[in-house]
Amino acid sequence: MYYAILAYHQEGVVQSWTEEEDQALMTELLEVNDRLVAQKSLGPAARLGPTEQAVTLRGKGEGMVIDGPFAETKEQLLGLYVVDFPAIDGAIAAARDLRRANPTAVYEIRPILLYLPGATLETRAED
């Protein structure tokens with residue numbers, strides 16, 4: 001079964017890290033990433049951009065676009081992983097590995113009821 005591991009953190013804390021601190025953390029997280037890929041358990045993963053660049057679409061009909069993330073919380077959703085394990089215990093173990101690398105983050109694990117991989121996205125230069 002596919003599970004989403006949603007990574008939450010206080011955005012201001014993450015943005016306050018030096019480039020070296022951020023790179024050290026990413027090195028540890030990528031070790032977990034590589035291990036999960038080798039196990040054939042990791043699907044797409046993404047580090048999201050700042051919430052100040054986010055918008056939310058809500059409301060009836062065409063909806064209204066509102067600046068900012070969808071919820072006012074202490075932590076913001078800053079990234080996600082899609083993993084494949086027979087039971088939630090495997091996804092919890094993967095989230096624990098991620099938390100060992102980034103102990104100040106909060107990880108929410110949720111079953112994915114529908115997974116559509118879509119097209120492989122290539123990085124494009126800004127127009």
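The values are calculated or read from the model by the stated rules, or taken from the named source; none is laboratory data. Note that the coordinates shown come from a computational prediction; the quantities given were computed from them, not determined experimentally. Ideal geometry is used to build each Cβ from the backbone, glycine not excepted, and the neighbour counts take in all protein chains shown. SASA here: full protein model, heavy atoms, side chains in, ligands and nucleic acids out. Shrake-Rupley method; radii C 1.70, N 1.55, O 1.52, S 1.80 Å.
For the range 45-75, residues that are in contact with a Pro (Cβ under 8 Å, 6 or more places away or on another chain) and within 21 Å of Leu30 (Cα to Cα) total 0.
Do we find a residue being surrounded by fewer than 17 Cβ atoms within 10 Å (Cβ to Cβ), farther than 27 Å from Leu116 by Cα and among the small types (Gly, Ala, Ser) anywhere in the range 70-77? No, that holds for no residue.
Restricting to the range 75-122, name every residue that is among the polar types (S, T, N, Q) and touching a helix residue (DSSP H, G or I) at 6+ places or on another chain (Cβ under 8 Å). Walk me through it before giving the result.
Pass one, the range 75-122, residues among the polar types (S, T, N, Q): 76, 102, 104, 120.
Selection gives Gln76, Asn102, Thr104.
Applying the criterion of being within 17 Å of the chain's Cα centre (by Cα) and open to solvent by 60 Å² or more (accessible area, probe 1.4 Å) to the residues of the range 1-12, the residue that is nearest to Pro86 (Cα to Cα) is Tyr2.
Say whether the condition of being open to solvent by 90 Å² or more (accessible area, probe 1.4 Å) and modelled with pLDDT under 80 is met by at least one residue in the range 37-51.
Applying the first criterion (open to solvent by 90 Å² or more (accessible area, probe 1.4 Å)) to the range 37-51 yields 39-40, 47.
Keeping just the survivors that are modelled with pLDDT under 80 gives none.
There is no residue in the range 37-51 that is open to solvent by 90 Å² or more (accessible area, probe 1.4 Å) and modelled with pLDDT under 80.
Does the range 48-60 contain at least one residue that is within 29 Å of Asp84 (Cβ to Cβ), in contact (Cβ under 8 Å) with a residue 12 or more places away in the chain and among the aliphatic types (A, V, I, L, M)? The answer is yes; a qualifying residue exists. Under the condition of being without any contact (Cβ under 8 Å) to a residue 24 or more places away in the chain and either of a type in the set (S, T, N, Q) or assigned to a strand (DSSP E or B) (or both), the residues counted in the range 85-124 number 2. I'd like to verify a number: residues in the range 78-127 that are within 16 Å of Pro44 (Cβ to Cβ), within 13 Å of the chain's Cα centre (by Cα) and either exposed (fewer than 15 other Cβ atoms within 10 Å of the Cβ) or at pLDDT below 90 (or both), how many? Of the residues in that region, 2 qualify. Among residues of the range 6-21 that are at negative phi, those with a Cβ under 6 angstrom from a residue that is of a type in the set (Ser, Thr, Tyr) and not in a strand (DSSP E or B), sequence gap 6+ or separate chain, pair up as Glu11/Thr51.
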